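Heads up: the structure comes next, in C-alpha cells.
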Amino acid sequence: MDVAEAVRGRRSVRHFSPCPVPRETIEELVQAACLAPAPHHSRPWQFVLLSQKVRTALVQAMEEAWQRDLAADGVPPAQAEALLRRSRQRILFSPALILCCLDMAQARPWPDPRRQRAERDMFVQSLGAAIQNLQLLAHAKGLGTCIMAAPAFCQEDVKRALALPQDWEPLFLLQLGYPHPSHRPPPRPPSPLDAIFKEL
Ligand SMILES: Cc1cc2nc3c(=O)[nH]c(=O)nc-3n(C[C@H](O)[C@H](O)[C@H](O)COP(=O)(O)O)c2cc1C
C-alpha cells in the first residue's frame with residue numbers, strides 16, 4: 001500500500017475480531033511511531049501495552065472519575081451507565097490496547113507559563129504525529145485502530161491506577177486489532193478547501 005492510499009483509506013475502527021495481534025507487529029508499529037517528528041530531537045512519548053489484568057484497575061479508576069463528572073453535569077444515571085458500559089467494553093475487549101503518554105521529563109525547563117505551555121503543545125503535536133504513523137502502518141497491514149481520549153480527562157486517576165511515573169502524562173488509549181467483518185465506517189464529513197485553507 002502506498003502512502004497516499006494509506007492516508008485516504010485509514011478509518012477509525014471500533015469493532016474488532018477477537019483475533020490477537022502478534023507481539024512483533026505491535027513492536028513494529030511502536031517503532032514506526034518513534035519515527036515521527038519531535039521537537040529539539042526529543043522522543044517525548046511513552047507507549048504502554050496494557051494487559052487484561054491492568055485494564056480492570058484502569059477501567060475502575062476511569063469510571064469513578066467519569067462518574068463524578070457525569071454527576072456534576074447532571075447526566076441522568078441510566079444515560080451515564082450506558083456511556084460507562086460502552087467505554088468499559090471497548091477497553092476490556094480491544095484485542096490490543098496501548099496507552100499513549102507524553103514524557104514531560106524531556107521538556108525544557110522554561111521559567112514562565114507561556115513557554116511551558118508552548119513546550120507542552122509541541123509535545124502533544126508530536127505525540128499526534130507518532131500515533132498517526134502507528135495508525136497508518138497498522139492500516140497498511142490490515143489492522144484497525146481507534147483513539148480514545150478519555151485518559152486526557154482523568155490523567156491523575158490513570159497515573160495512580162497504573163502507578164505511572166509522575167512525569168508521564170497519559171493522554172490517549174489506542175485500540176488495535178483486526179477489524180470485525182461488520183466494520184463499515186460512516187461517510188466522512190466534507191472538508192471544502194475554501195473553508196479550511198486560505199492564502200494571505
Ligand atoms: C485527539 C483525538 C481524540 C479522539 N477521541 C476519540 C474518542 O474518545 N472516542 C472515539 O471513538 N474516537 C475518538 N477519536 C477518533 C475520531 O472520532 C475519528 O478520528 C474521527 O471521527 C474521524 O474518523 P476517521 O478516523 O474514521 O477518519 C479521536 C481522534 C482524535 C484525533
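The values are calculated or read from the model by the stated rules, or taken from the named source; none is laboratory data. In this text, all values refer to a predicted model and were calculated from it rather than measured experimentally. Here Cβ is always computed from backbone atoms with ideal geometry, including for glycine, and neighbour counts include all displayed protein chains.
For the range 24-53, enumerate the residues that are closer than 25 Å to PRO179 by Cβ and among the aliphatic types (A, V, I, L, M). ILE26, LEU29, VAL30, ALA32, ALA33, LEU35, ALA36, VAL48, LEU49, LEU50 - these are the residues of the range 24-53 that are closer than 25 Å to PRO179 by Cβ and among the aliphatic types (A, V, I, L, M).
In the range 27-51, what residues are among the hydroxyl-bearing types (Ser, Thr, Tyr) and modelled with pLDDT under 95? Step through it out loud before you land on a result.
Kept after step one, since they are among the hydroxyl-bearing types (Ser, Thr, Tyr), are these residues of the range 27-51: 42, 51.
If the condition is that a residue be among the hydroxyl-bearing types (Ser, Thr, Tyr) and modelled with pLDDT under 95, then SER42 is the only one that fits.
One residue stands out in the range 69-80 among those that are exposed (fewer than 11 other Cβ atoms within 10 Å of the Cβ) and part of a helix (DSSP H, G or I): the one that is nearest to the ligand (Cβ to nearest atom), namely GLN79. Of the residues GLN155, GLN166, the single one that is modelled with pLDDT of 95 or more and surrounded by 15 or more Cβ atoms within 10 Å (Cβ to Cβ) is GLN155.
Remark: pairs (first residue in the range 51-68, within 13 Å of MET148 (Cβ to Cβ); second residue modelled with pLDDT under 95 and part of a loop (DSSP other than H, G, I, E, B); Cβ separation under 6 Å; 6+ apart in sequence or on different chains) are absent.
Looking at the range 44-52, can you tell me whether even one residue there is assigned to a loop (DSSP other than H, G, I, E, B) and either out of contact with any helix residue (DSSP H, G or I) (no Cβ under 6 Å at 6 or more places or on another chain) or within 16 Å of the ligand (Cβ to nearest atom) (or both)? Give the steps one after another, and end with the answer.
Looking only at the range 44-52, we keep the residues that are assigned to a loop (DSSP other than H, G, I, E, B), and these are 44, 50-51.
Cutting the leftovers down to either out of contact with any helix residue (DSSP H, G or I) (no Cβ under 6 Å at 6 or more places or on another chain) or within 16 Å of the ligand (Cβ to nearest atom) (or both) gives us 50-51.
Yes, the range 44-52 contains at least one residue that is assigned to a loop (DSSP other than H, G, I, E, B) and either out of contact with any helix residue (DSSP H, G or I) (no Cβ under 6 Å at 6 or more places or on another chain) or within 16 Å of the ligand (Cβ to nearest atom) (or both).
Taking the criterion of being closer than 30 Å to GLN116 by Cβ, β-branched (Val, Ile, Thr), within 16 Å of the ligand (Cβ to nearest atom) and surrounded by 14 or more Cβ atoms within 10 Å (Cβ to Cβ), would at least one residue in the range 183-196 satisfy it? Scanning the range 183-196 turns up no residue that is closer than 30 Å to GLN116 by Cβ, β-branched (Val, Ile, Thr), within 16 Å of the ligand (Cβ to nearest atom) and surrounded by 14 or more Cβ atoms within 10 Å (Cβ to Cβ). When ALA32 is tested against (1) closer than 16 Å to ALA129 by Cα; (2) not in a helix (DSSP H, G or I), just one condition goes unmet, and that condition is (2). Highlighted here are the helices (runs of 4 or more DSSP H) found entirely within the range 81-200 that include at least 2 residues which are touching a residue at least 24 places away in the same chain (Cβ under 8 Å) and of a type outside the set (Val, Ile, Thr): 113-140, 155-162.
The sole residue among ILE147, ILE131 that is surrounded by 15 or more Cβ atoms within 10 Å (Cβ to Cβ), among the β-branched types (Val, Ile, Thr), over 18 Å from PHE93 (Cβ atoms) and within 16 Å of the ligand (Cβ to nearest atom) is ILE131. Residues of the range 35-59 that are loosely packed, with under 13 Cβ neighbours inside 10 Å and more than 21 Å from GLN135 (Cα to Cα): HIS40, HIS41, GLN52, LYS53.
Mind listing whichever residues of the range 158-170 are closer than 17 Å to GLN60 by Cα and within 16 Å of the ligand (Cβ to nearest atom)?
Filtering the range 158-170 for residues closer than 17 Å to GLN60 by Cα gives 158-164, 170.
Matches in the range 158-170: VAL158, PRO170.
Quick test for you: out of VAL13, VAL21, pick the one residue that is under 25 Å from HIS183 (Cα atoms), touching a Cys at 6+ places or on another chain (Cβ under 7 Å) and surrounded by 12 or more Cβ atoms within 10 Å (Cβ to Cβ). Walk me through it before giving the result.
Details: VAL21 fails: touching a Cys at 6+ places or on another chain (Cβ under 7 Å).
One residue alone meets the criteria, VAL13.
Residues of the range 2-20 that are in a loop (DSSP other than H, G, I, E, B) and either within 16 Å of the ligand (Cβ to nearest atom) or within 17 Å of the chain's Cα centre (by Cα) (or both): ARG10, ARG11, VAL13, ARG14, HIS15.
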